[in-house]
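J.: I have a structure here, written as structure tokens, and I will follow up with some questions on it.
The values are calculated or read from the model by the stated rules, or taken from the named source; none is laboratory data. Here the structure is a predicted model, which means the values were calculated and not measured. Cβ placement follows ideal geometry from the backbone for every residue including glycine, while neighbour counts extend to all protein chains displayed.
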Amino acid sequence: MQQKLEYSLDPDNWDELRTQGHRMLDDIIDYMQHLRERPVWQPAPDDVRNAFREPLPQGPTALQEVHQTFMQNILPYAIGNAHPGFMGWVQGGGTPVGMLAEMLAAGINANVGGRNQIPVEVERQILRWVRELFSFPEDASGIFVTGTSMANLIGVLVARTKALGVDIRSTGLQNSGKRLAAYTSVAAHACVAQAFDLSGLGTNALRLIPTDAQGEMDIEALKRVIAKDREHGFTPFFVAGTAGTVDTGAVDKLTVLADIAEQEDLWFHIDGAYGALAVMAPDIAPRLAGIERADSIAFDFHKWAQVQYDAGFILVRDGALHEATFAAPVAYLARAERGMATASPPWPCDFGPDLSRGFRALKTWYAIKTYGIDGLGKVISGGCALAQYLKQRIEAEPALELLAPVSLNIVCFGYRCCEGDADRVNANLAIALQESGIAAPSTTTINGRLAIRAALFNHRSTTQDVDALIEATLRFGADEVQNIKGYEKVA
Ligand SMILES: *Cc1c(COP(=O)(O)O)cnc(C)c1O
């Protein structure tokens, strides 16, 4: 007979929990299966929002009742990135397999900071696969992190250690005596600059190099800026190429950047947040040539590879330097020869700032095993093919215009209209699309013009969704032009 605790967080009746658990599983599988029948997004009404301003609950509520609140007040009001009509920003759709794996990971509740356990070994398995994907050497290191924002920061910190020596960890930048300079393009994600901010190197140390007509870093400009920096006594130490810019999907000339990094003795980092994993798609992989020469690659499994949030990754060629940047021996984390705290190989917490870490590796392992690299690669090829289809549909519509080259799976376009009012019309049009629940693009600015931006990341999106986007854009675009003309008449 099991001892009865005065109060336990486990149920008194496991059969009841099991029944309720199966109901919850059915509810969420139903949701996934019938996503397409729902709007992409809908704003939450005030009463739903207010439901989250209740006082701190003192006593218990039945799980069944809490779950009903989830079904009514949470599930319908997510941003909608799981939906096939979602085309905003850069977000993955998630998979049924990833969802189930998350549940299992939660059941074990492993803390994957380290120690002698297979969950850590699963993470090392992913690292070995990642090395293979990018043709990195056996002593390359890597860990899961929240996302590419964190991965870029880790890349910058390891590069800093290389440039200034391990002692910089204790002496700090104040006495380094060197003025470091780094380079990325103006099209780089803002988190690259943020990494310079957080690292203490300062955003001014990062030079933003202009881009060419393709949205790729202007190589001649890069060379000029490096030469000028040397002339002025700076020490160039780091260049970040982007494999898939967030605005247009441009891929920097990675082989040329690798050559320059070699000649100039720069750390070659790649922000491949979503684009790097296109190495899984045989038709797109050649676009990434040169990525295998990087010193570090930051990328996300949660974007194009559709693994559930969050699942960022940092891969570093020089594993010893990576470890030297973060490892910090302390008594309560002492390592032993046997038992639960075996020293070798080093622990994930030795490669980044996080000690307690979730089991992100499991959902990734399930996804890679279940779908295979071929399956995930097909999603990536499919997104690029869909972008070409959207591009063709835009070019065939006199009312629409393409505003940037379509490099991978991102299409920037606008509704043609009225000199001076085009930005306002297109901004309103994008909002109208989002509020319609039909298709949800986001916006960005291309060459000073507001563009509607459709990023085709969702593995569920088809030509049907692209057709719906075009149809709704034409309809709402005409409405918005009418609206603007109406205002003018009144004014
Ligand atoms: C999404 C993205 C990032 C940021 O990644 P997070 O996972 O959101 O932290 C950085 N760079 C690029 C190019 C991105 O698309």
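J.: Using the structure shown, decide if I314 is surrounded by 15 or more Cβ atoms within 10 Å (Cβ to Cβ), more than 30 Å from S170 (Cβ to Cβ), within 16 Å of the ligand (Cβ to nearest atom) and among the β-branched types (V, I, T).
T.: no
J.: Mind listing whichever residues of region 248-294 are basic (K, R) and assigned to a loop (DSSP other than H, G, I, E, B)?
T.: Matches in region 248-294: K253 only.
J.: If I28 satisfies every condition in (1) surrounded by 12 or more Cβ atoms within 10 Å (Cβ to Cβ); (2) among the hydrophobic types (A, V, I, L, M, F, W, C); (3) outside any helix (DSSP H, G or I) but one, which is the exception?
T.: The one condition I28 does not meet is (3).
J.: State yes or no: is G215 within 13 Å of the ligand (Cβ to nearest atom) and part of a loop (DSSP other than H, G, I, E, B)? Please lay out each step first, then the result.
T.: Values: within 13 Å of the ligand (Cβ to nearest atom): yes; part of a loop (DSSP other than H, G, I, E, B): yes.
Judged against the criteria, G215 is a match.
J.: Cβ contacts < 7 Å: first residue within 13 Å of G200 (Cα to Cα) and assigned by TED's automatic domain parsing to the domain that holds A320, restricted to region 161-175; second residue at pLDDT 95 or above and surrounded by fewer than 16 Cβ atoms within 10 Å (Cβ to Cβ), any location; separation 6+ or different chain. Result?
T.: L173/G200
J.: Just checking, does region 442-451 include any residue being within 16 Å of Y389 (Cβ to Cβ), modelled with pLDDT of 95 or more and touching a strand residue (DSSP E or B) at 6+ places or on another chain (Cβ under 8 Å)?
T.: Within region 442-451, none of the residues are within 16 Å of Y389 (Cβ to Cβ), modelled with pLDDT of 95 or more and touching a strand residue (DSSP E or B) at 6+ places or on another chain (Cβ under 8 Å).
J.: Also, quick follow-up: Could you tell me whether any residue of region 217-237 is within 20 Å of A140 (Cβ to Cβ) and acidic (D, E)?
T.: Checked region 217-237: no residue is within 20 Å of A140 (Cβ to Cβ) and acidic (D, E).
J.: Name the pairs: first residue in region 268-279 and touching a residue at least 24 places away in the same chain (Cβ under 8 Å), second residue near the ligand (Cβ under 10 Å from one of its atoms) and of a type in the set (D, E), Cβ to Cβ under 7 Å, at least 6 apart or on different chains?
T.: That search, which allows pairs on different chains as well, returns A273/D300; Y274/D300.
J.: Given the residues G107, G113, G85, which is the only one that is farther than 27 Å from P348 by Cβ, at pLDDT 95 or above and away from the ligand (no atom under 16 Å from the Cβ)?
T.: G85
J.: Considering only region 71-187, give the helices (runs of 4 or more DSSP H) lying wholly within it that have at least 1 residues that are among the hydroxyl-bearing types (S, T, Y).
T.: Values: elements: 96-108, 118-133, 148-164, 168-171.
Qualifying helices (runs of 4 or more DSSP H): 148-164, 168-171.
J.: Kindly indicate whether V225 is under 23 Å from G319 (Cα atoms) and in the same structural domain as V256 (by TED's automatic domain parsing). Lay out the reasoning, then the answer.
T.: On the way: under 23 Å from G319 (Cα atoms): no; in the same structural domain as V256 (by TED's automatic domain parsing): yes.
Spelling it out, it is not the case that V225 is under 23 Å from G319 (Cα atoms) and in the same structural domain as V256 (by TED's automatic domain parsing).
J.: Kindly indicate whether any position in region 240-249 is surrounded by 22 or more Cβ atoms within 10 Å (Cβ to Cβ), closer than 25 Å to E102 by Cα and touching a Ser or Thr at 6+ places or on another chain (Cβ under 7 Å).
T.: no
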